1. Is there a quick way to get the dipole size of region 208-277? I mean about its Cα centre, with the Cβ of Lys and Arg at +1 and of Asp and Glu at -1; what is the value in debye to the nearest 20?
2. For I28, I158, which order do you get if you count the other beta carbons within 10 Å of each Cβ and list the fewest first?
3. Please give me the summed charge of the neighbours of S450: other residues whose Cβ is under 11 Å from its Cβ, Lys and Arg +1, Asp and Glu -1.
4. Along the charge dipole of the chain, pointing to its positive end and built from +1/-1 on Cβ of Lys, Arg, Asp and Glu, which listed residue (V372, S441, V338) has its Cα farthest out?
5. Calculate the spin-label point distance for A175 paired with F479, positioning each point 7 Å from the Cα along the beta-carbon direction, and give it in nanometres.
6. Report the net charge of residues surrounding H171, where surrounding means a beta-carbon distance below 15 angstrom and charges are Lys +1, Arg +1, Asp -1, Glu -1.
7. Sort out for me the Cα centre separation of region 355-386 from region 248-266, rounded to whole Å.
8. Sort F401, F243 so the one with the fewest other Cβ atoms within 10 Å of its own Cβ comes first.
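Nothing in this text is a laboratory measurement; each read-out follows from the coordinates by a stated rule. Source: prediction; values computed, not measured. Ideal geometry is used to build each Cβ from the backbone, glycine not excepted, and the neighbour counts take in all protein chains shown.
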Amino acid sequence: MSQTRVKKTLLQKYQDVMPTGAGALFLIQIFSTLSFSVLYSTLILYATKGLHMNDTLATSITGSFIALNYFLHLLGGYVGGRYLSYRSLFGLGMVSQIAGCLLISVPDTSYLLWGLAAFLGGSGLNVTCINCMVTQLFEPDDKRRESAFLWNYSGMNIGFFIGFSIGGYFHLNQAYRELFLLSAFGNLIALALTFYNWKLLKDRDTTFIDLKPAAQKSARLLGLGLVIALVFALRGLLQHTTFCNQLILVIGASMLALITILALKQPGQTERNKMWGYIILALSSLIFWALYQLAPMGLNLFIERNVDRHFLGILIAPQWIQNINTVVIILGGPLLSVVFTHMRERGINVSIPFQFSLALLLIGIAFAILPVGISLADAQGYTNFNWVFASYVLQSVGELFISPIGYAMVGQLAPLRLRGLMMGMWMMVTGIAAILSDQFSKIALGSTESVDPLLTNASYSHTFGILGWSAIAAGILLFVFIPVVARLTQERKNINMKDIADEAARSNQAKNEIAAETQGL
């Protein structure tokens, strides 16, 4: 009896911290993220070294892959909870990702495109699903939700860390087939965990769950058909990357025009001002992410070919360098929260426009210092690794100032009836930025097909310099207009800064509003 009481007490304490199912979703997040991080960091290297694609085609495919992944998040919120339960769509997505990894492991360009299409059919839809499954574990007023999203956010970063690490190891050994097979196994573990915890992850208060059994069956068939059709559509878009990228840019421009028209039509001056503030901040974030998304494309090739990656006698894989970002985010978030708390106690508050301008300045400096490093390259043209290390640290610190608060900011500025639309546009910004990064990468690569650093350094230096100083100029311009933007966004002077970690949790919660609102479309 004594042991039973102890077990019950421990269980009660656990349930006070997290509801049953939260731990499972934490593990699922790790294994489901792993494969995406492998592709994000390795795709362009595999395409050029493993499949011997030319740089232009490899960059186009990588850019389209990243852009489509972010664009599909909104569709995941529409299909999940409406035509399929979130757990069913997530499970189907895992199956699609497993099939994608298996296809990609075959060293053939045609298999690569089918594999990427199948993988996107899962990864593009699953982000919203897993966030919604976390939300469903809690009652609306349950204060434990933020902690659950913090754990989920940590799980995502752990998945990225593992994915970047194993991606780099297998890349150094040119063992791409084994890498993608291992990625498929990671997805299989996520799928097994989902099935094992199936009952705990059931839908609550969704359009799908309220349907009658016959209607649910029809909805399931329609949802399955949509996912299958999506894979074929994605295959076509990846085959014609120029059309795909142009289509995404057209959609982005159309969304900007629509938001502008809606801002002009707002009945109240306050709502109009907030939407104008939203547009300014969205364009600012577009500049940031266009440079940031160079990491898996042009910057990745620069590191692979033009940087002396030996550090303390160890050859550093390009994927491992991307772990700098993961470490800075994990350690820098809490540290920055302490700084903000100290500033707040002294009556100093940091506005959102100021954080955005600082992010632009940091990522601008991160790229502006690379030409300096290139100018100091050794006799063979290889840039010292320390310059890349410093650049990645600056980029990552900049991310802390712009990424975690972005989604929460949308909730603050968007009129209730337009929140789903404006949240969707905010998510699209990263996808549009990936297309711009694709173009910048091609410019950086130059016209030569040589991979000799002595011949390609000049093009990289010129492009990185222009991009860096352009971002610095944009950051300074936004800094000058902080008072104007702050008035538009109606930020109160006594606004309290949330901890960066809390803002990250809020950003995940805000994403789920897309799912809720798209169900009512």
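1. Numbers: 7 positive and 2 negative charges, 29 e Å.
The calculated dipole for region 208-277 is roughly 140 debye.
2. Least to most surrounded, the residues fall as I158, I28.
3. Numbers: positive: R305; negative: D55, E449, D452.
Net charge around S450: -2.
4. V338
5. Roughly 4.8 nm, to one decimal.
6. Values: positive: K49, R177, R305, R309; negative: E178, E304.
Once positives and negatives cancel, what remains is +2.
7. Result: 35 Å between the Cα centres.
8. Working: F401 23, F243 12.
With the fewest neighbours first, F401, F243 line up as F243, F401.
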